[in-house]
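A.B. asks: Once you've had a glance at the structure underneath, I'll fire off some questions.
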Amino acid sequence: MIERFDRLLGRPVSMFSLGVVRFFVGAITLVHLQPFVAAALQGDTYQDQFHQAYSRWYPELPEAGYTCLLVIGSLAAVAMSVGLWSRVTTRVTFGVVAYNLFLSTTHMHNNRAYLVIVLALLAMAPCGRTLSVDAWWRKRRGLGPLDPTGPAWTLWLLRFECATVYAASGMSKLLDPDWFSGTVTWGRLVELEAQVRSSVLPEAIADLLLDRSFHTVAAKLIIATELFIAGGLWWRRTRQFAIMAAIAFHVMIELTADVEIFSYLGLAVLFVWADPAVPWLRVRVRGSRIMQDRPSAVTP
């Protein structure tokens, strides 16, 4: 059993999906860093506000050094996205975002922690071998193509993290009486009642969204959706439905709550499930299969 598991994680698989994730996550990282960079360029850094590092030994850069670090991180995120020196720029991007996150307890948010985890996994994977400037430039110079495969464990680890986020979120809501009863979702919309009333929604829909009893049912549906996504991603018969549910879930979150980059990051990471290295995944476009059951990128 252990030997089979070891072969599964160690076999070469296509890095195509991780290349897609790398492209979007680089752009998302740039969006994440932009407010910090804009504030720092105006002279407003963490030193001008209350901040508390997670450890006393944690190094705190002076304002000029901190600003330069953020600019370097932003440039690295752009290069990472397009796959320019991807091995180095992905690691630099991870380092800058991680440093900034742990610089102060006030910087900690769940979506930012998720971004650091995703960047760490991308930094460990050879995700720049496909869909990258590196691969294109190598071909342009007449050199042999980069090996488009990498160890399977990097792919499976990101899939595990993706599913875990939905499982943890669903379980925490399930065990929270206020969430399970609908108090949390109802309270959020009550605070936005003026916006809901002035929106393009019909009056009947607005009344429904602001009705307390509606949220008693809606909260349970939200919890069930997250738990379904967490489990449904692992089985081929439910994966397509789980992905569609996840897309709808993130769209609704983006429309109803301020979660910074979480929705965009959640949608980007979903691409990790659409890899040709997954033997049972088939995608058809106008009757032509574009992802084969047994992809050539996988070495037996």
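The values are calculated or read from the model by the stated rules, or taken from the named source; none is laboratory data. In this text the structure is predicted, and so the values were computed from the model without any measurement. Glycine gets a Cβ as well: all are built from the backbone with ideal geometry, and neighbour counts include every protein chain shown. What goes into the accessible areas is simple: the full protein's heavy atoms, side chains included, and nothing from ligands, DNA or RNA. Shrake-Rupley method; radii C 1.70, N 1.55, O 1.52, S 1.80 Å.
A.B. asks: What's the total number of residues in the range 56-74 that are free of Cβ contacts under 8 Å to residues at least 40 places away in the same chain and of a type outside the set (A, V, I, L, M)?
C.D. replies: Total satisfying the criteria: 9.
A.B. asks: Okay, moving on. Residues to consider are 259, 184, 196; find the one that is closer than 30 Å to residue 108 by Cα, open to solvent by less than 50 Å² (accessible area, probe 1.4 Å), aliphatic (A, V, I, L, M) and not in a helix (DSSP H, G or I).
C.D. replies: After applying the criteria, what remains is 259.
A.B. asks: Answer with yes or no whether residue 55 is closer than 23 Å to residue 84 by Cα, out of contact with any Lys or Arg (no Cβ under 8 Å at 6 or more places or on another chain), hydroxyl-bearing (Ser, Thr, Tyr) and modelled with pLDDT under 90.
C.D. replies: no
A.B. asks: Now for a different question. I'd like the residue in the range 107-123 that is without any contact (Cβ under 8 Å) to a residue 60 or more places away in the chain and assigned to a helix (DSSP H, G or I) and, out of all such residues, is farthest from residue 161 (Cα to Cα).
C.D. replies: Among them, the one singled out is 123.
A.B. asks: Name the single residue, out of those in the range 228-272 being of a type in the set (D, E, K, R) and out of contact with any helix residue (DSSP H, G or I) (no Cβ under 7 Å at 6 or more places or on another chain), that is nearest to residue 171 (Cα to Cα).
C.D. replies: It comes out as 258.
A.B. asks: Looking at the range 182-232 only, could you name the residues that are over 18 Å from residue 242 (Cα atoms) and hydroxyl-bearing (Ser, Thr, Tyr)?
C.D. replies: Selection gives 183, 185, 198, 199, 213, 216.
A.B. asks: Looking at 64, 113, 79, 98, which is the one that is at pLDDT 90 or above, out of contact with any helix residue (DSSP H, G or I) (no Cβ under 8 Å at 6 or more places or on another chain) and at negative phi?
C.D. replies: Just one listed residue meets the conditions, 64.
A.B. asks: Sort out which residues of the range 21-64 are in contact with a Ser or Thr (Cβ under 8 Å, 6 or more places away or on another chain) and open to solvent by less than 40 Å² (accessible area, probe 1.4 Å), and write them in order of number.
C.D. replies: 22, 25, 26, 29, 33, 37, 39, 40, 45, 46, 53
A.B. asks: Condition first: among the hydroxyl-bearing types (Ser, Thr, Tyr) and in contact (Cβ under 8 Å) with a residue 40 or more places away in the chain. Now tell me which residues in the range 23-54 satisfy that.
C.D. replies: Listed by number, the residues that qualify are 29, 46, 54.
A.B. asks: Restricting the search to the range 118-143, which residues are crowded, with 17+ Cβ neighbours inside 10 Å, of a type in the set (Val, Ile, Thr) and modelled with pLDDT of 90 or more?
C.D. replies: If the condition is that a residue be crowded, with 17+ Cβ neighbours inside 10 Å, of a type in the set (Val, Ile, Thr) and modelled with pLDDT of 90 or more, then 118 is the only one that fits.
A.B. asks: Quick check on my filter: what residues within the range 204-239 are within 16 Å of residue 274 (Cα to Cα), free of Cβ contacts under 8 Å to residues at least 40 places away in the same chain and surrounded by 14 or more Cβ atoms within 10 Å (Cβ to Cβ)?
C.D. replies: 232, 238
A.B. asks: Condition first: under 16 Å from residue 30 (Cα atoms) and either open to solvent by 10 Å² or more (accessible area, probe 1.4 Å) or β-branched (Val, Ile, Thr) (or both). Now tell me which residues in the range 87-100 satisfy that.
C.D. replies: 89, 90, 91, 92, 93, 94, 95, 96, 97, 98, 99
A.B. asks: Sort out which residues of the range 144-161 are within 21 Å of the chain's Cα centre (by Cα) and either open to solvent by less than 60 Å² (accessible area, probe 1.4 Å) or closer than 11 Å to residue 13 by Cβ (or both), and write them in order of number.
C.D. replies: Answer for the range 144-161, where residues must be within 21 Å of the chain's Cα centre (by Cα) and either open to solvent by less than 60 Å² (accessible area, probe 1.4 Å) or closer than 11 Å to residue 13 by Cβ (or both): 150, 151, 152, 153, 154, 155, 156, 158, 159, 161.
A.B. asks: On to the next question. Considering 70, 18, 8, which residue is in a helix (DSSP H, G or I), within 20 Å of residue 274 (Cα to Cα) and open to solvent by less than 40 Å² (accessible area, probe 1.4 Å)?
C.D. replies: So the residue among 70, 18, 8 that is in a helix (DSSP H, G or I), within 20 Å of residue 274 (Cα to Cα) and open to solvent by less than 40 Å² (accessible area, probe 1.4 Å) is 18.
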